[in-house]
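Input: a single structure, listed below in structure tokens.
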Amino acid sequence: MMGDQKSAGYRAVIIGCGSIANSHASGYNRTDATALVACADTVDAKAADFAERNGIPNYYADYREMLDVEKPDIVSVCTWHPLHAEMTIAAAARQPKAILCEKPMATNLGEAEAMMIACQRNQVKLAIGFQRRFLGAWTEAKNLIASGAVGKPERISHTRLTGLLNASSHGFDCMRYILGDPKVEWVFGQVERKTDRYERSVRSEDCVAGFFLFEGGVQASFQTDVVPENKWAFVQGTDGLIDFDDGWIRYFNAETAGWKDVEVEEVDAAAAQVGELVEWIEDRCVHRNEAENGLWTMHMMMGAYESARCHEVVRLPMQTRANPLDLMVEAGQLPVQYPGRYDIRSFLLEGEAMNLEETE
């Protein structure tokens, strides 16, 4: 990913030392052009352990102190999504060269727009961590479609578990990526929420399903927590089919005489994501995870909620900047039939904490 030019060293820091931070640390440590110099977490012991395991010289309990002292070139935001906007805006104010924020970009469109404005105002490049765009199978699917191997794509389907903002954010991003990142014209969705379900302290639906229309005419369907199946995308073209997941891909057309497996290149997605970030900093490319793509995924997810709220097809980009699922719950449109709040990501917490607020 680095090309022929030898890059200068870029100082990187990580905010939040949970599970996904390990992927970011691996990416920085495996990229010659970056040096991971510090990390921050409100749980001091967690930050200390993370620093020791990843060879990081400094750690902090206050991420703003870390940003002020270390003056990094690159900042990774690896906290839960309710904190993404606050931390990205704070990091942008210190004017690093780039920020890599984990997915989903935010919890509503207002937050996502504020993140982009803060980065534009401070001339900071912002990428959203949809690292699967670097996987060999995903890129091969993109290349097969572009080459016409299955004719003109007409329909895509996506099914996933564990919440719209969680796993399905990858699925929505996947659909746009393999089609060449087209705009999305509209979304039509339906939501069920009979339990008081949360995901990383953000309200979550029990299940959601619907349809998209992409610019160019490709139609897509999606289901989250409706069926017990995980499939990033199944593509139907005028002349064939594509089926793939993270580590494999196969396609079918008139010439293959059945399904044909395609050899998939093994890619260190974490390192590739950082390597392309360095190239973007040096103006040698545009990062495939630039914030504009993360914002489109936000429009798709919030649009599905908004369609359920308003009982209509929602044209994108949409204008409601609050989270429509919150609006529905607070307006009594989705009354809880089985009371009792629970969080499907509570297992990620440590010690006695059972919700995000207890860790702040």
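Just so you know, all these numbers are worked out from the coordinates, no wet-lab data involved. Every value quoted in this text rests on a predicted model; they were computed, and no experiment measured them. Cβ placement follows ideal geometry from the backbone for every residue including glycine, while neighbour counts extend to all protein chains displayed.
Which of rounded, prolate or oblate describes the chain when judged by the alpha-carbon gyration tensor and an a/c cut-off of 1.5? Taking the square roots of the gyration eigenvalues as a ≥ b ≥ c, the chain is oblate. The simple spin-label model puts a point 7 Å past each Cα toward its Cβ; for residue 350 and residue 194 those points are separated by 3.8 nm. Per-residue packing, averaged as other Cβ atoms within 10 Å, sorts the ranges 298-310, 43-55, 152-164, 278-290 into the order 298-310, 152-164, 278-290, 43-55, beginning with the highest.
Note on the chain: antiparallel DSSP beta bridges, both residues inside, total approximately 55 percent of the bridges counted. Ranked by how many other Cβ atoms sit within 10 Å of their own Cβ, fewest first, the residues 60, 338 fall in the order 338, 60. Taking 0.36 nm per residue of separation and subtracting the Cα-Cα distance, full extension of the segment from residue 248 to residue 65 would add 61.5 nm. Non-local lysine pairs in the chain, meaning eight or more places apart or on different chains, with alpha-carbon distances under 20 Å, amount to 14. The distance between label points at residue 330 and residue 283 comes to 4.3 nm (points 7 Å beyond Cα on the Cα→Cβ vector).
In a fully extended conformation the segment linking residue 22 and residue 259 would gain 81.7 nm over its present Cα-Cα distance, using 0.36 nm per residue. Taken about its Cα centre, the range 56-129 carries a charge dipole of about 260 debye when Lys and Arg each add +1 at the Cβ and Asp and Glu each add -1 at the Cβ. Each other residue within a Cβ distance under 11 Å of residue 62 adds +1 if Lys or Arg and -1 if Asp or Glu, for a net charge of -3. Rounded to the nearest 20, the size of the Cβ-charge dipole of the chain about its Cα centre is 600 debye, with Lys and Arg at +1 and Asp and Glu at -1.
Each label point was placed 7 Å from the Cα along the Cα-to-Cβ direction; for residue 215 and residue 341 their separation is 4.0 nm. On the basis of the beta-carbon distance and an R0 of 22 Å, residue 315 and residue 229 show a calculated FRET efficiency of 0.15.
Packing, as the average of other Cβ atoms within 10 Å across residues, places the peptides 91-102, 342-353 in the order 91-102, 342-353, highest first.
The range 269-333 and the range 250-266 have Cα centres lying 32 Å from one another.
Rounded to the nearest 500, what is the chain's calculated 222 nm mean residue ellipticity when only DSSP H runs of at least 4 contribute -39500 (n - 2.57) each, over all residues?
Here the helix-only value at 222 nm equals -10000 deg cm²/dmol.
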